[in-house]
């Protein structure tokens, strides 16, 4: 069987993971991210999903910030579950190909090790996993994919010698009133759905899943917190939606900028911008130095205008499937 060829994969070790449910009032969500940014804590992984009258939040951070994160959540009276000794694993590029997503999730089914959370960027798929599952998942990657940088798990292990992580976030502050962005991209005519996965992301979004059957592409995927059921939020092209024409009609936005992967406060500014402009945020991801978010299609013009007030955006590009 020919393998899908990928550019590579990255691992961030020594992270902790928190999942929480917040009220749908924008002040609580903005206040939480304000406090995290004030304490100069970088978040290399975020998913935020709106469902009915609550926000579902997954965040990951370096374990050195564990006590400070506890203090922040406790002072805000937000209940949370915390998992330490975790890693963030990212594969790239996914090319928006459902086959790559399914092959990736097959590995977790075969290893019987469901990830805690999943998120996508325009180029990568990232998961939070138990650190002690990393070696087995790494071997599984080479059973599904080929990589240009290394041919075997042993090659990859050798490339890690002398490195604590393959990519390491460096906390850097920013002073611009309007942070610079390389460009803003969005795609219309997408359908979005929440998939009840029964707390097992990989199992319920597998090859038996009707949601990806005959689908040509996916542009966004994330999971809600395990506390909220761990549902999958995914978008597919509306033309591929043969199951349920009542799925939400949405648009998917993404942007990245200088040091977006290691500058605390970027996600806070995006959330603050959207909610203060009274724009309905359906879901958001932050991983691999990119921010992606989903909104109702009817709000495109307001989104572009609002983001332009708060970020320095040189180009805006509308993508097509």
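The values are calculated or read from the model by the stated rules, or taken from the named source; none is laboratory data. In this text the structure is predicted, and so the values were computed from the model without any measurement. Backbone-built Cβ (ideal geometry, glycine too); neighbour counts: all protein chains shown.
Scanning the range 14-29 for residues that are surrounded by fewer than 16 Cβ atoms within 10 Å (Cβ to Cβ) and outside any strand (DSSP E or B) returns 24, 25, 27, 28. It is to be established whether one or more residues within the range 63-86 are under 30 Å from residue 296 (Cα atoms), out of contact with any helix residue (DSSP H, G or I) (no Cβ under 9 Å at 6 or more places or on another chain) and either at pLDDT 95 or above or outside any strand (DSSP E or B) (or both). Checking the range 63-86: not a single residue is under 30 Å from residue 296 (Cα atoms), out of contact with any helix residue (DSSP H, G or I) (no Cβ under 9 Å at 6 or more places or on another chain) and either at pLDDT 95 or above or outside any strand (DSSP E or B) (or both). Selection of first residues in the range 184-197 that are at positive phi and in contact (Cβ under 8 Å) with a residue 24 or more places away in the chain and of second residues that are in a strand (DSSP E or B) and buried (at least 18 other Cβ atoms within 10 Å of the Cβ), restricted to Cβ pairs under 8 Å at least 6 apart or on distinct chains, gives the following pairs, ordered by first then second residue: 189/237. Reported count of residues in the range 282-321, each being surrounded by fewer than 20 Cβ atoms within 10 Å (Cβ to Cβ) and part of a strand (DSSP E or B), is 6. Looking at the range 202-221, is at least one residue at pLDDT 90 or above, surrounded by 16 or more Cβ atoms within 10 Å (Cβ to Cβ) and not in a loop (DSSP other than H, G, I, E, B)? Within the range 202-221, one or more residues are at pLDDT 90 or above, surrounded by 16 or more Cβ atoms within 10 Å (Cβ to Cβ) and not in a loop (DSSP other than H, G, I, E, B).
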